[in-house]
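What follows is one structure encoded as structure tokens, with my remarks underneath.
Taken together, the values in this text are just the output of simple stated rules run on the coordinates, not laboratory data. Small disclaimer: the values here were computed from a predicted structure and weren't measured. Note that each Cβ is placed from the backbone with ideal geometry, even for glycine, and that neighbours are counted across all protein chains shown.
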Amino acid sequence: MVNLQFTLVETLWKTFWRFSESIDADTLGVHGESEERLPKWYLVVLCKYQPVVHWTRDCDNTLYQALVEILIPDVLRPIPSALTQAIRNFAKSLESWLTCAMMNIPEEMVRIKV
């Protein structure tokens, strides 16, 4: 069975959205390269721009459809119970992971993403 690394999604989201509970040297190190390429203040500005919001919604819809097709390829084929449980736990965690990662991001973008 393939290791799907569902928990990596939370880490990736927190890194992309520059989530941090505190500002310290470790946090700055983790987000340093991202901040150099796209400062968080500019990311926030982009999240308020309607074409970016619409594009994000469209991309997310495509991504989630692809995830469904990968994770549940054939509804008539039995799925191992461990995989079913892993998918269920992943689905339950998604909203809270994303909401947490998107602290201080404009509400409209959070609403589109969540």
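General remarks:
- Contact order normalised by residue count of the chain, Cα under 8 Å, 6+ apart, percent: 48 percent
- Environment charge of N89, counting only residues whose C-beta is closer than 15 Å and scoring Lys/Arg +1, Asp/Glu -1: 0
- Residues L71 and S34, FRET efficiency given R0 of 25 Å [Cβ-Cβ distance, rounded to 0.05]: 0.35
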